[in-house]
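Inspection log for the structure reproduced underneath, given as structure tokens.
The values are calculated or read from the model by the stated rules, or taken from the named source; none is laboratory data. If you're wondering where the values come from, they're calculated on a predicted model, not measured in any experiment. In this analysis, Cβ positions are derived from the backbone assuming ideal geometry, glycine residues included, and neighbour counts consider all displayed protein chains. Ligands, DNA and RNA are stripped out before the accessible areas are found, and what is left, the full protein with its side chains, is counted by its heavy atoms. Shrake-Rupley method; radii C 1.70, N 1.55, O 1.52, S 1.80 Å.
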Amino acid sequence: VQLQASGGGLVQAGVSLRLSCAASGRTFSTYTVGWFRQAPGKERDFVAATFRGSYAVYADSVRGRFTISRDNAKNTVYLLMNNLRPEDTAVYYCAASASVIRSNIASRIAYTYWGQGTLVTVSS
């Protein structure tokens, strides 16, 4: 599976942005897909994931503001980010795995495939 993240940019606080993660591979619909982000000098943190499309999990810091969704016909997972804050500034990565289980869905080591990242910068 190859992943291509896109949609990042420079925005002001309070606006919305939608990231896309386009995947290759015929079995994409069976994969769990997650979004992670890494701010300068910090660890890569979990943001959200969709478990094979059956349910979504969010980090506390984004719950209620971000929504993850997927379009299996387009092999694409989206991350809609509303009410962006300066602390959301980071490089956002999408990742996929066929072997994620619920207990490790927020762990970056559970994901096998990674996209290249897209930079989101939120100004105050």
> Between GLY34, GLY14, GLY53, which gets the highest mean-square fluctuation from a Gaussian network model of the chain, Cα cutoff 10 Å?
Replying inline: GLY14
> Working from the pairwise distances between different alpha carbons, so that the mean of 1/r is found and then inverted, what is region 61-115's Kirkwood radius in Å?
Replying inline: 13.0
> What part of the accessible area of the chain, given as a whole %, is carbon or sulfur when the probe is 1.4 angstrom?
Replying inline: 49
> If Lys and Arg each add +1 and Asp and Glu each add -1, what is the summed charge of the other residues whose beta carbon sits under 10 Å from the beta carbon of TRP114?
Replying inline: +2
> If you average the sequence gap of Cα pairs under 8 Å that are 6 or more apart and divide by the length of the chain, what percent do you get for the contact order?
Replying inline: 36
> Taking θ as phi - 60°, what are the ³J(HN,Hα) couplings along region 60-73 by the Karplus curve (6.51, -1.76, 1.60), each to the nearest whole Hz, with x for Gly and Pro?
Replying inline: 4, 5, 10, 4, x, 10, 9, 9, 9, 8, 9, 10, 5, 5
> So what J values fall out for region 110-117 if you push phi through Karplus, 6.51 cos²θ - 1.76 cosθ + 1.60 with θ = phi - 60°, rounded to Hz, Gly and Pro as x?
Replying inline: 7, 9, 8, 10, 10, x, 7, x
> What per residue convex hull volume, in Å³, do the alpha-carbon atoms of the chain yield?
Replying inline: 90
> Tell me, what is the 1.4 Å probe accessible area of THR89, in Å² to the nearest 10?
Replying inline: 40
